[in-house]
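The values are calculated or read from the model by the stated rules, or taken from the named source; none is laboratory data. Since the model is a prediction, treat every value here as computed from it, not as a measurement. Because the Cβ atoms are built from the backbone with ideal geometry, glycine has one as well, and the counts that use them run over all protein chains shown. We work out accessible area using only protein heavy atoms, side chains counted, and drop any ligands, DNA or RNA first. Shrake-Rupley method; radii C 1.70, N 1.55, O 1.52, S 1.80 Å.
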Amino acid sequence: MNKSYSVISFAANKGGVGKTRNAILIANCLGAAGKRVLLIDTDYNNSATTYYLPKDELINGGLNIEEIIEEKNLFEAMANEKNGSLLENIFHTKHRGVDVIPATRSLANIRAISENRLSCLMPELEGHYDFVIIDCQPEYNNIVINSLKVSDAIITPVIQDLDSFNAAVFFEKKLQTDMDKLGAWFLTINGYNKNFDDAKSGTQREYIKSYLSRFSNFTPKEAWFPWTPVINKIKDREMPLSYKPVEGMNVAVHPALYNAVCSLAELLLADGDEFIKPEVF
């Protein structure tokens with residue numbers, strides 16, 4: 001029987017390419033559009049989890065994130081072979097439609113776990129969510145492989161440097177040789193500057209040309225996230241994103257980023273699934 005939810009992994013075996021920020025923005029957009037979203041954080045640094053958990057508990061309460069998530073996290077679900085449960089390790093958030101399962105540094109202790117462990121846990125999510133978004137570690141290990149194997153789509157953000165290009169080549173080979181997931185893999189540019197489109201030379205032009213000549217599985221240009229410091233307002237100051245000022249709300253206004261996120265979110269929908277752009281997310 002086909003499952004009723006889609007699993008989207010943001011994955012790259014290189015840090016700093018924008019996996020977490022892409023995952024957060026897509027989760028928020030889909031949640032605000034009326035979809036039920038579960039974000040699973042697999043990164044030891046818990047960047048996605050930190051964004052979603054109440055900051056007053058972390059700052060005013062004098063707690064660190066490891067204390068808050070001590071009993072509910074992905075490790076507890078995956079390591080407990082008899083009674084492991086994803087549903088029992090969920091934190092509900094203040095963001096419309098978005099729940100989160102935190103990572104924990106204890107995941108390092110199960111890096112040799114079966115590559116199919118997460119597959120065994122996923123069926124209990126049936127009927128609870130429309131999308132499961134996984135923010136993967138910037139590595140290639142069994143935790144990441146678990147995530148990739150349950151994914152309907154794998155999105156790798158890339159930036160304009162040689163390390164990102166080489167990492168994408170490596171990732172492509174692994175998806176082709178280690179699992180049958182190459183057809184579910186898409187690359188997307190993170191940090192695109194539309195103003196350089198007409199330039200006859202330059203770093204952006206050369207790298208995008210190299211990417212497009214080497215890989216055929218790119219998202220449309222409309223879904224490429226632009227380079228903008230506004231994204232720091234969203235991630236670090238928790239300002240929702242909008243395409244225009246919203247009366248009574250402190251929002252980060254950036255039409256190009258807003259449209260790119262909505263375009264990528266819409267691409268993830270099943271055929272016939274309606275997507276109404278939320279005004280703010």
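Hey, can you find the accessible area per residue of the chain for me, probe 1.4 Å, expressed in square angstrom? Write out the running numbers ahead of the final one.
Details: 13230 Å² over 281 residues.
For the chain, the solvent-accessible area averages 47 Å² per residue.
For the chain, what is the percent of antiparallel DSSP beta bridges, rounded to the nearest 5? Walk me through the numbers before you get to the answer.
Working: 3 of 30 bridges.
Once the DSSP bridges in the chain are tallied, antiparallel ones form about 10 percent.
Taking all pairs of different Cα atoms in the stretch 176-265, averaging 1/r and flipping that mean, what Kirkwood radius in angstroms comes out?
Working: mean 1/r = 0.0664 Å⁻¹.
Over the stretch 176-265, the inverse of the mean reciprocal pair distance is 15.1 Å.
Of the accessible area of the chain, with the probe set at 1.4 angstrom, what percent is carbon plus sulfur? Write out the running numbers ahead of the final one.
On the way: 6210 of 13230 Å².
Here carbon and sulfur together make up 47 percent of the probe-accessible area.
How far apart, in nm, are two points set 7 Å out from the Cα along the Cα-to-Cβ line at H92 and at I276?
It is 2.3 nm.
Looking only at the stretch 247-262, which residues have a backbone nitrogen under 18 Å from a spot 7 Å from the Cα of A153 in the C-beta direction?
257-262
Relative contact order for the stretch 7-125: what percent, with Cα pairs under 8 Å and sequence separation of 6 or more?
Working: 153 pairs, mean separation 35.6, N = 119.
This gives 30 percent for the stretch 7-125.
Quick one: if you stick a label point 7 Å off each Cα along the C-beta vector at Y44 and A199, how many nm between them?
The modelled label-to-label distance comes out at 3.6 nm.
Taking amide H positions as placed in the peptide plane 1.01 Å from N, state which residues far from Y192 in sequence (5 or more) or on other chains have amide H under 5 Å from it.
For Y192, the qualifying residues are F225, W227.
Looking at the stretch 89-140, which GluC sites (Glu not before Pro) are in a loop (DSSP not H, G, I, E or B) and have at most 13 other Cβ atoms within 10 Å? Working shown, then result.
Values: sites: E115, E124, E126, E139; in loops: E115, E126, E139.
When the GluC sites (Glu not before Pro) of the stretch 89-140 are filtered for loop state and at most 13 Cβ neighbours within 10 Å, E126 remain.
How many percent of the alpha carbon pairs in the stretch 1-56 exceed a separation of 19 Å? Don't jump to the answer; show the numbers that get you there.
Values: 527 of 1540 pairs.
Roughly 34 percent, rounded to a whole number.
Amide H of W185 versus every other amide H placed in the peptide plane: which residues, excluding those fewer than 5 positions away on the same chain, fall under 5 Å?
I154
Could you compute how fast the chain diffuses translationally, taking Rh as the Kirkwood radius over C-alpha pairs and applying Stokes-Einstein at 37 °C with viscosity 0.692 mPa s? Give it in µm² per second. Could the numbers behind the result be given before it?
Details: Rh = 19.3 Å.
For these conditions, the coefficient is 170 µm²/s.
Cα centroids of the stretch 179-245 and the stretch 1-23: how far apart, whole angstrom?
Between the Cα centre of the stretch 179-245 and that of the stretch 1-23, the gap is 15 Å.
Quick one: which residues, 5 or more positions from V7 or on another chain, have an amide H under 5 Å from its amide H? H modelled 1.01 Å from N in the peptide plane, none for Pro or chain starts.
V132, D152, A153
Hey, how much of the P(r) for the stretch 125-232 falls beyond 24 Å, as a percent of Cα pairs?
Working: 1811 of 5778 pairs.
That fraction is 31 percent.
Give the share of C-alpha pairs in each 5 angstrom bin for the stretch 42-136, from 0 to the last occupied bin, in whole percents, shortest bins first.
P(r) for the stretch 42-136, in whole percents per bin: 2, 12, 24, 26, 19, 11, 5, 1.
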